[in-house]
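The structure under discussion appears below in the form of structure tokens.
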């Protein structure tokens, strides 16, 4: 790390690495050349944080947080966005909070703590006091208690009081973030605390916290969180998983909660789907919460708030056999109309609204509609925020953040889609959405490559498909080639109409018409499974030869016409292939890196063979383990097949390794 260039945010310039600074950290700008942003600026990406300046009617200012792109700011209502945190210590911004008394002060919490496989650990909380121009890492949060900051709220009574929900509980600062004290602890194994709500009508800091996700969750309340108040459980249930909270702005004594289920529920269909929507009209007092709707409800539409609705209705729609894909552990948000305590929004995969205090629900978006359809809003909702001037009549503007970035509706009270066939047609419902991904560069790429020309490039992204851009099209001219989650990609340098892409797992697809159409290209791969994002690469010396792997290595020599097993089992279980490299000067020399099991320090093996072009299912690949962890990349020296490099993405330990005699018994040595 001491060899890496540094950046001075206040000075706006690069500095030499610490190892090259005479005083170990002195000034001196470093010229790294100029960079051009290629985009995409029009695709969006997973956005969990969104705050709006109270003076929005005057300054059109909003801030958004992408878990793979940091904090962004617009001063024209979303027509354009600009990055604020590209060079802070961590871009995995998961939560945002604005000082209610000074909109130039914001806090950004890092680390996505919902246990998704593509989540990135954070580095605490960052603070700006000048509207995002400069950011400071709050040093007392640079520790494991703040690796996953799920929510932040700032007291309206005293801006120096800040509260954070993290993997280890609820923390409080009384000096604007300098010093933090844990005020409520909750088991990190149970998911920690994931949501906070604060009443803005009280003279005391009157807080609610929701804690727990895959095991029994609870809602806690402290009516004097800044003083001598205690955190008491006011809502819990044996079947209650991740829970999100919302206070009714027009009637703060009313609070809602939406909970995922930690059991299968009716028909075994609702694990991680809806358990219940709850409401208290008595300040959230224990014993006053009533179930407004539950997964046992006779109206099926009311039960799929945290489920992929169109799949749950395949049978009713005549599209196939219904299947329940539930994501209440991942996308789970609730909000209350600021002008009507009985109008409630829930975001799961799609958006839903109830106009009768949560008893009945209608669909307010269709993720599977064409993007040109005004009813389309991208799937997987994480934030619902109303315009500061929302009044339900002359101003009905609402914004949402989801896996596809940012969207706005100008009429949050338009008719929703209801009835037994509501999800079946993307013409159902009248809520209209406008996408706001204009120069908003937070797309999370898993992999990407340039075309031979260097002026066209494509890659696989999280929930935004396999997308392609070009110098000619510009940063806002990217297009989707293949939907869903994208993964690894490859382009045939001898014929750029031949493209390879994938979704999740071992799912390679091939196009022979430049990406207009794709067809499955996994024939021969059986009895193996890959990682969520499974690597595959093209031999740099032979574009008809590709490699992929799960617990075994697989090779095709005929451009993915058929695949053959090219190794004995490398590792077992979750220890699957995570990186592959083929030597540019010798196609027989192939390396395969291994992932680690979630929550463990195993993995990290590097396997090798020097008979790659002829290896079979009986070929044993030798291995070493330079360190435990996740091998994220492998590369050969372009002119020397004995020299190879490996990177490990796992926190702690060295991350960059080199072997100068990889096929001659050489050792891997850390070089960072």
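The values are calculated or read from the model by the stated rules, or taken from the named source; none is laboratory data. This structure is a prediction, so every number in the text was calculated from the model and none was measured. We place every Cβ from the backbone using ideal geometry, glycine too, and count neighbours over all the protein chains shown.
Might you check whether a residue that is outside the structural domain of residue 147 (by TED's automatic domain parsing), surrounded by 17 or more Cβ atoms within 10 Å (Cβ to Cβ), outside any loop (DSSP other than H, G, I, E, B) and modelled with pLDDT of 55 or more occurs anywhere in region 36-43? Looking for residues that are outside the structural domain of residue 147 (by TED's automatic domain parsing), surrounded by 17 or more Cβ atoms within 10 Å (Cβ to Cβ), outside any loop (DSSP other than H, G, I, E, B) and modelled with pLDDT of 55 or more, one finds none in region 36-43, hence no. Of all residues being modelled with pLDDT of 95 or more and assigned to a loop (DSSP other than H, G, I, E, B) in region 91-120, which is surrounded by the fewest Cβ atoms within 10 Å (Cβ to Cβ)? Just the residue, please. Step by step, filter region 91-120, then rank; the result is 101.
Among the residues making up region 594-634, those that are within 27 Å of the chain's Cα centre (by Cα) and in a strand (DSSP E or B) are 594, 603, 629, 631, 632, 633, 634. Residue check: residue 574 meets all listed conditions (1) at pLDDT 95 or above; (2) touching a strand residue (DSSP E or B) at 6+ places or on another chain (Cβ under 9 Å) but one, namely (1). Candidates in region 522-566 are the residues that are in contact (Cβ under 8 Å) with a residue 60 or more places away in the chain and closer than 17 Å to residue 497 by Cα; of these, the one that is surrounded by the most Cβ atoms within 10 Å (Cβ to Cβ) is 560. For residue 490, state whether it is closer than 26 Å to residue 581 by Cβ and crowded, with 23+ Cβ neighbours inside 10 Å. So residue 490 fails the test. Among the residues of region 48-86, just one is outside any strand (DSSP E or B), within 22 Å of the chain's Cα centre (by Cα) and on the phi > 0 side of the Ramachandran plot, namely 78. Does residue 505 satisfy the criteria of being surrounded by fewer than 19 Cβ atoms within 10 Å (Cβ to Cβ) and either more than 31 Å from the chain's Cα centre (by Cα) or assigned by TED's automatic domain parsing to the domain that holds residue 625 (or both)? So residue 505 passes the test.
Each row is one residue, and each column tells you yes or no for (1) assigned by TED's automatic domain parsing to the domain that holds residue 157; (2) surrounded by fewer than 19 Cβ atoms within 10 Å (Cβ to Cβ); (3) under 18 Å from residue 186 (Cα atoms); (4) under 29 Å from the mean Cα position of the chain (by Cα).
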| residue | (1), (2), (3), (4) |
| --- | --- |
| 247 | no, no, no, yes |
| 253 | no, yes, no, no |
| 256 | no, no, no, yes |
| 275 | no, no, no, yes |
| 280 | no, no, no, no |
| 287 | no, yes, no, no |
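Residues in region 76-89 that are at pLDDT 95 or above, touching a strand residue (DSSP E or B) at 6+ places or on another chain (Cβ under 8 Å) and surrounded by fewer than 22 Cβ atoms within 10 Å (Cβ to Cβ): 77, 78, 80, 82, 83. The criterion of at least 2 residues that are surrounded by fewer than 22 Cβ atoms within 10 Å (Cβ to Cβ) and not assigned by TED's automatic domain parsing to the domain that holds residue 112 is met, among strands (runs of 3 or more DSSP E) falling completely within region 426-486, by 445-450, 456-461, 479-482.
Within region 402-414, is even one residue free of Cβ contacts under 8 Å to residues at least 60 places away in the same chain and within 20 Å of the chain's Cα centre (by Cα)? Within region 402-414, one or more residues are free of Cβ contacts under 8 Å to residues at least 60 places away in the same chain and within 20 Å of the chain's Cα centre (by Cα).
When residue 484 is tested against (1) on the phi > 0 side of the Ramachandran plot; (2) out of contact with any strand residue (DSSP E or B) (no Cβ under 9 Å at 6 or more places or on another chain), only condition (2) is not met. Quick check on my filter: what residues within region 508-521 are surrounded by 17 or more Cβ atoms within 10 Å (Cβ to Cβ) and assigned to a strand (DSSP E or B)? Hits for region 508-521 are 509, 510, 511.
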